[in-house]
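The values are calculated or read from the model by the stated rules, or taken from the named source; none is laboratory data. Here the structure is a predicted model, which is why all the values come from computation and not from measurement. Don't worry about glycine lacking a Cβ; one is built from the backbone with ideal geometry, like all the others, and counts go over all protein chains shown. Note: areas computed on protein heavy atoms with side chains; ligands, DNA, RNA excluded. Shrake-Rupley method; radii C 1.70, N 1.55, O 1.52, S 1.80 Å.
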Amino acid sequence: MNEAMIQITNMSKIYEMGDNKIFALDNISLTINAHEFVAIVGPSGSGKSTLMNMIGCLDTATSGEYILDGKYVSRCKDDDLAVIRNEKIGFVFQKYNLLTKYNVLENVELPLIYMGIGAGERKKRAIGALEKVGLADRTSSKPTQLSGGQQQRVAIARALVTDPPVILADEPTGALDSKTGKEVLQMLKDLHKMGNTVILITHDMDIAKQAERIIRIQDGKVVSYSDIETEDIEAAG
């Protein structure tokens, strides 16, 4: 039985607007086990992006507990959160977030610079990550010289280069055509098979069904929590 990679208990994120309180997340509890492939799905404004920010240690909750790979994240200070982000989570974003002034190799090396890894080891690891996504021959190219699909593959290589246990992908196919999007989803499936915990954030149920399990978010709450077989049975019924 897999151990919990992510354990969230009674988490809320509240924004105060004058006398009003807006619950972006409302007392959410969920568990994602190590080596799972999970999709978090919900419409715009549902709270899924806020939840992604919490899981990714990009923001902190108003209340509740968050344990990531045995670490009590909800008790960490900003400097500690930055270290956890770099070591535990590989991010893949819809817009790639590549730096156009750097070439492909330099973009992939960036997380390793923050970790204090030496130049020789950085280059070795970055080339290894690029080999995994089939772009080891484009190390000197700038992002603007690549297609959208290639840029997303560079972003995946950057996410992999620190060997994080969790890959967090936020609408990773949103800026891609359907063929290239399928290739990127297959790459995420392959990473899952290699042992990564993969969390896919999406509003598209067809994409969400590529995962093993779906967590539905609406109005800041978890409204369902089911595996793909259950989803298919419900759809058929």
Review point. Yes or no: residue 100 touching a Lys or Arg at 6+ places or on another chain (Cβ under 9 Å) and closer than 18 Å to residue 9 by Cβ?
Key: no
Study note, to complete from the structure: Output for Cβ contacts, cut-off 6 Å, separation at least six or different chains, first residue among the aromatic types (Phe, Trp, Tyr) in segment 6-22, second assigned to a strand (DSSP E or B), reads 15/22
Revision key, fill the gap. Of the residues in segment 111-124, those that are open to solvent by 30 Å² or more (accessible area, probe 1.4 Å), more than 16 Å from residue 137 (Cα to Cα) and not small (Gly, Ala, Ser) number 6
Exercise for review: Residues being touching an Asp or Glu at 6+ places or on another chain (Cβ under 8 Å) and either farther than 19 Å from residue 92 by Cβ or among the polar types (S, T, N, Q) (or both): count how many of those fall in segment 103-151.
Suggested key: 2
Practice item. Output yes when any residue across segment 107-115 is at pLDDT 90 or above and in contact with a strand residue (DSSP E or B) (Cβ under 7 Å, 6 or more places away or on another chain), and no when none is. Key: no
Practice item. For segment 139-161, name all the residues that are out of contact with any Ser or Thr (no Cβ under 9 Å at 6 or more places or on another chain) and within 19 Å of residue 52 (Cβ to Cβ). Key: 155, 156, 158, 159, 160
Exercise for review: For segment 92-110, enumerate the residues that are outside any helix (DSSP H, G or I) and open to solvent by 20 Å² or more (accessible area, probe 1.4 Å).
Suggested key: 93, 94, 95, 96, 97, 98, 99, 100, 101, 102, 103
Check your understanding: Where in segment 126-237 are there strands (runs of 3 or more DSSP E), lying wholly inside it, with at least 3 residues that are surrounded by 20 or more Cβ atoms within 10 Å (Cβ to Cβ) and not β-branched (Val, Ile, Thr)?
Key -> 166-170
Check your understanding: Looking at residue 165, is it more than 30 Å from residue 45 (Cα to Cα) and within 18 Å of the chain's Cα centre (by Cα)?
Key -> no
Exercise for review: Select the strands (runs of 3 or more DSSP E) contained entirely in segment 6-73, then report the ones holding at least 1 residues which are within 30 Å of residue 189 (Cβ to Cβ) and open to solvent by 30 Å² or more (accessible area, probe 1.4 Å).
Suggested key: 20-33, 63-68
